[in-house]
Amino acid sequence: ATPAAMTAASAALRARGFLVTRGHALDALAGADTVVFDKTGTLTTGEVRLAAVRPLGERDVAACLRIAASLEALSEHPIAAAFAAGARDPVDAFRAHPGGGLEGVIDGCRYLLGRPGFALPGAAAPESGKWILLATGERALAWFQLTDTLRADATEAITALRRAGLGVALLSGDAAGEVERVATQL
């Protein structure tokens, strides 16, 4: 009966969006006292959107968006989708820096786009939330605020787990401020 029960349980979990790759995980699940969630794509939709653009110099919103879209067009990171509709220019010497951001040369000028400290050492986001910075390496050009919507069932899931006596934790590679914002909402 055990193989049939494991198959039925795995099928029921799969129908709810869980993929069981090892049967012994079901046995271990019964003893779990804490559920640890990743943020992006688990508690949020994973569909990053551009919420605001704040130019910091002589370039306007359209010019800053064009540079950012040009760099993001070469990226495979989920953030790239937020810039997908933007006009683009050819990029030379493109390089992705995991955990940092993007770098490339457009019309002979080197641009960096990503975490504030990557794009311009010493830079800090203007306020809480998820912000990335466009810079030339010497000066900041624009801030881009990104948002990711909570999944409709995230709050309900957290509440149900807590009612069942389980602890809940959020573990993410995103900036602490953005993770805190989502944790507070939930």
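Only DSSP H runs of four or more residues enter the estimate; each adds -39500 (n - 2.57), and after division by the residues of the chain the mean residue ellipticity at 222 nm equals -8500 deg cm²/dmol.
The angle between the Cα long axis of helix 61-72 and the main principal axis of the chain comes to about 60°, on a 0 to 90 degree scale.
In the context of the full protein assembly, Ile158 retains an accessible surface of approximately 10 Å², using a probe radius of 1.4 Å and ignoring ligands and nucleic acids. For the chain, the longest principal axis of the Cα atoms and the long axis of helix 176-185 meet at an angle of about 50 degrees.
Taken per residue, the accessible surface of the stretch 42-144 reaches 50 Å², heavy atoms only and a 1.4 Å probe.
Find the eigenvalues of the gyration tensor of the Cα atoms of the stretch 1-108, then list the square roots of 5 times those eigenvalues as equivalent ellipsoid semi-axes, largest first, in whole angstrom.
On the way: eigenvalues 411, 42, 31 Å².
Semi-axes (√(5λ), whole Å): 45, 14, 12.
May I ask you to give the average projected area over all directions of the convex hull of the Cα atoms of the stretch 101-140, in nm² rounded to one decimal? Intermediate results must be reported in sequence, preceding the final value.
On the way: hull surface 10.6 nm².
Reported value for the Cα convex hull: 2.6 nm².
Placing unit charges on the Cβ atoms only, positive for Lys and Arg and negative for Asp and Glu, gives the stretch 1-140 a dipole magnitude near 220 debye about its Cα centre. For the pair the stretch 16-38 / the stretch 98-126, the C-alpha centres are spaced 39 Å from each other.
Over every Cα atom in the chain, the radius of gyration and the widest Cα-Cα span, Dmax, amount to 20.8, 72 Å.
The values are calculated or read from the model by the stated rules, or taken from the named source; none is laboratory data. Note that this is a predicted model, so its numbers are computed, not measured. Positions of Cβ are backbone-derived with ideal geometry, glycine not excepted, and every protein chain shown enters the neighbour counts. Please note that ligands, DNA and RNA were not included when accessible areas were found on the heavy atoms of the full protein model with its side chains. Shrake-Rupley method; radii C 1.70, N 1.55, O 1.52, S 1.80 Å.
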